[in-house]
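Notes for the one structure printed next.
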Amino acid sequence: MNTSYETIIVGGGVIGNSIAFHLSERDQEGILVIDKNFPLSGTSGSTQAWVWVHNKTPASYAEFSMYSAELYPYLSRKIGDVEYKRTGGLSPFFTEKDLEKAHKLAQKYSELGIKIKVLNKEEVLAKEPSLSPDVVGATFSKVDGNINPFRLVDLLIRASKKQGVAYSYYNRVLDIERTENAFIVHTQKETYLCKKLILAGGAWSKELGSYLGIHVPVKQVRGQIMVTEPLAPLLNYTISGMRQAINGEVLIGYSMEEVGFDRRGTLDVIQETANMAIRYVPSLANANVVRCFSGIRAMPKDGYPIIGHVPGVQNLYVAAMHSGITLAPLIGTLMTELILDGETSIPIDDYSITRFQEPVGQL
């Protein structure tokens, strides 16, 4: 006998859980989240956890990210303290050529009402004295910050469960079929029926789409991160490449390696990461590294989110992206609007899967 739900969300990371929470706020009619492992065992638990807006291009994508960052304080009031810290963000640079690029970026942002400042060397060091005196300047944004991803995902799950969302962990999806009025989701544990299906499997999105003959162009990108011992307050801001956690640890790294699902750490990347850290903040040369970890991130073919309805397949939706921590509150909100209202409060046409493929035949 098959178990039936109104909506099934495949993927229990920050995006899947944000959709589950926001959807269940308005519609508590049979929602199931399926995850092949356990929450935070994947990308959402292996991240720097920046809530990052500036330096993203084009400026419209930065604007999209800004809308999401603005939702975090409201989300925290609903689900609890996710340790969201709007520290402000600094992106240092070390050449005059990068200074010219920074001014052009700031101009493009200003046209959309996004305020970033281009700081000279003296202004940078006044804000962040620990940075290297070799710095030429930096871009600065007040809206950037970071979050505790473990608290975020855990609290989203707790709040969703209170609103009636069901969960099935350690339950890999093996195949998906579609009929005229439903989807049949075959998993390791049982078979489920649902009217609406949301693919939010992150780095596994391509595999999930293939079960339905849908090409979701997402590749896997490994990121390796170093973590120092707890240090006395050192960094005032979230810096592109590093941040200091509440407990004093400094998280360093932002590698992007196309190695499939291989999560092993490598000495060469760790050494490059250490060199970058010392170049930015020379005093880190004296810090002890207590651990290193790697995460596999989802990276759409063009780098931008893939969200929305899959044309030609009734009630099929996809939400796959890099920067899931930044975008989670907005994606949960917009996907809920799309599913329940048929339209979104912010246009998402630029992020439709149609930019990659021809629509499949309508059922």
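The values are calculated or read from the model by the stated rules, or taken from the named source; none is laboratory data. All of these numbers come straight from a predicted model, not from anything done at the bench. A quick note on method: Cβ atoms are made from the backbone with ideal geometry, for glycine too, and the neighbour counts reach across all protein chains shown. Accessible surface is based on the protein model in full, side chains and every heavy atom, while ligands, DNA and RNA are left aside. Shrake-Rupley method; radii C 1.70, N 1.55, O 1.52, S 1.80 Å.
At 1.4 Å probe size, with the rest of the protein present, what percent of the exposed accessible area of the range 56-134 is carbon and sulfur atoms?
Details: 2220 of 4290 Å².
Of all accessible area on the range 56-134, carbon and sulfur atoms account for 52 percent.
Take each complete run of DSSP H in the chain, measure how far its Cα atoms stretch along the helix's own axis, and keep only those covering 27 Å or more with mean Kyte-Doolittle hydropathy at least -1.0; list them.
Values: long enough: 59-79 (30 Å, -0.15).
Qualifying helices: 59-79.
Note the full-extension length gain between T179 and K162 as 0.36 nm times their separation in residues minus their Cα-Cα distance, in nm to one decimal. Working shown, then result.
Details: separation 17, 0.36 × 17 = 6.12 nm, distance 3.14 nm.
Once the chain is fully extended between T179 and K162, it gains 3.0 nm.
For the chain, what is the mean residue ellipticity at 222 nm derived from helices alone (per DSSP H run of n ≥ 4: -39500 (n - 2.57); sum divided by total residues; nearest 500 deg cm²/dmol)?
-9500 deg cm²/dmol
Using Cα pairs closer than 8 Å and at least 6 residues apart in sequence, work out the relative contact order for the range 151-192, in percent.
Values: 29 pairs, mean separation 10.8, N = 42.
RCO, the range 151-192: 26 percent.
How many percent of the accessible area of the range 166-302 is carbon or sulfur, using a 1.4 Å probe? Intermediate results must be reported in sequence, preceding the final value.
Working: 3280 of 6400 Å².
Ligands and nucleic acids excluded, carbon and sulfur give 51 percent.
Given a 1.4 angstrom probe, what's the average accessible area per residue across the range 212-277, in square angstrom? All intermediate terms of the calculation are to be shown ahead of the outcome.
Numbers: 2960 Å² over 66 residues.
Normalised by residue count, the accessible surface of the range 212-277 is 45 Å².
Which label belongs to the value computed from this structure, given these candidates for log10 I(q)/I(0) by the Debye sum over Cα atoms at q = 0.08 Å⁻¹: (1) -0.63; (2) -0.55; (3) -0.41?
(3)
Which of the residue pairs K195/K301; K108/K142; K161/K219 have a Cα-Cα distance greater than 19 Å in the structure shown?
Working: K195/K301 29 Å; K108/K142 17 Å; K161/K219 31 Å.
Over 19 Å apart, Cα to Cα: K195/K301; K161/K219.
I'd like the distance between the alpha-carbon centres of the range 250-287 and the range 1-47, rounded to an integer number of Å.
Cα centroid of the range 250-287 versus Cα centroid of the range 1-47: 32 Å apart.
Quick check on the chain: of the DSSP beta bridges with both residues there, what percent are antiparallel, nearest 5%?
Working: 43 of 62 bridges.
Percent antiparallel among DSSP bridges in the chain is about 70.
Got the relative contact order for the chain handy, in percent, Cα pairs under 8 Å and 6 or more residues apart? If you can, show how the numbers build up before the last one.
On the way: 778 pairs, mean separation 83.9, N = 363.
Dividing the mean separation by the residue count of the chain yields 23 percent.
What nm value, rounded to one decimal, do you get for the distance between N286 and K121 when each label is placed 7 Å out toward the C-beta?
The two pseudo-label positions are separated by 2.4 nm.
I'd like to check one number: the per residue accessible area of the range 281-363, probe 1.4 Å, reported in Å² as a whole number. It would help to have the intermediate numbers written out before the result.
Working: 3430 Å² over 83 residues.
Averaged over the residues of the range 281-363, the accessible area is 41 Å².
Of H103, H309, which has the most accessible area with a 1.4 Å probe, and how do the rest follow in descending order? Walk me through the numbers before you get to the answer.
Numbers: H103 105, H309 70 Å².
If we order H103, H309 from most to least accessible, we get H103, H309.
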